[in-house]
Every structure is written in C-alpha cells, then in structure tokens.
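Taking it in order: structure first as structure tokens, then the write-up.
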Amino acid sequence: MWNQTSDPEAAPHIHGVCTWHGLYVLKEALGMYCIERQGNDCQWRREICFKTEFKAFVNARTKSMATLGTYRVVHATWANQVVAEVNGVDLVKKKDNRGDSSAEPLH
C-alpha cells in the first residue's frame, strides 16, 4: 500500500520489501531511506521511505519543524543504521536565534 503523497520520489513504508501492483520488488527496497518518528513512548515508528537520502532528510527536517517532534532517517535494509536525526524544538530555537541576531544593528 502506498502512502498518499504527491512526491514521485516517495515510496511506501515497508519492512524489507516494496510492492508495486502486487509484484515484490526487492531491488527497490535495497536503496531506500526511511523516515521514522519518535513517539511519546520513545519508540521509533516508520512513516515513509524515499529513493534518495537527500529527499528523506529534507522531508524529515520539514516534518520535524512543523510538528516540533524528533525524526530520523534510516537506511531501509539496515534499520539500525541511522543516517540523520533531527529535533524540531532544537531547529526552531536555532532559527529563532538566527532571526534575533540578524535584527541587531551592525556597528
């Protein structure tokens, strides 16, 4: 089952194998990067996968800032291989700090 998204790079969240119209395509799953969200119980829950690490990271960062949650990007076939982890609260703080410092007059 595919997640509803308009992004052609997005792929279903799957555990090991992608399906496309009933066909099992293991080749596609091998090069996927998945976004996982940390729940209130500190468990990681897989949400969506992408073909490229960059698309997964940008999507995780966007979701993290929008929800103020913690997301990570993992390689689909090696679930313990964390590629990146982003914390929405920290990102918003950094953004606010940059915005405040740019408002100060230069001497």
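Determine, yes or no, whether Glu47 is modelled with pLDDT under 85 and surrounded by 10 or more Cβ atoms within 10 Å (Cβ to Cβ).
no
Return the residue satisfying two criteria in turn: it lies in the range 84-97 and is of a type outside the set (Lys, Arg) and more than 10 Å from the chain's Cα centre (by Cα), and of such residues it is surrounded by the most Cβ atoms within 10 Å (Cβ to Cβ).
In this case the residue turns out to be Gly88.
Of the numbered conditions (1) modelled with pLDDT under 95; (2) of a type outside the set (Val, Ile, Thr); (3) closer than 28 Å to Asp90 by Cα, Tyr24 fails exactly one; give the number of that condition.
Condition (3) is where Tyr24 drops out.
List every residue pair whose Cβ atoms sit under 9 Å apart, with the two residues 6 or more apart in sequence or on different chains, where the first one lies in the range 64-86 and is on the phi > 0 side of the Ramachandran plot and the second, anywhere, is part of a strand (DSSP E or B) and of a type outside the set (Phe, Trp, Tyr).
Final answer for the pair search is Leu68/Asn87.
Give me the residue from the range 52-73 that is over 8 Å from the mean Cα position of the chain (by Cα), β-branched (Val, Ile, Thr) and under 11 Å from Arg37 (Cα atoms) and, out of that set, surrounded by the most Cβ atoms within 10 Å (Cβ to Cβ).
Within the range 52-73, the match that is surrounded by the most Cβ atoms within 10 Å (Cβ to Cβ) is Thr70.
Condition first: among the aliphatic types (A, V, I, L, M) and touching a helix residue (DSSP H, G or I) at 6+ places or on another chain (Cβ under 6 Å). Now tell me which residues in the range 46-82 satisfy that.
The answer is Met65, Leu68, Val73, Ala76.
The values are calculated or read from the model by the stated rules, or taken from the named source; none is laboratory data. Note that the structure is a prediction, hence the values are computed from the model and not measured. Positions of Cβ are generated from backbone atoms using ideal geometry, with glycine treated the same way; all protein chains shown enter the neighbour counts.
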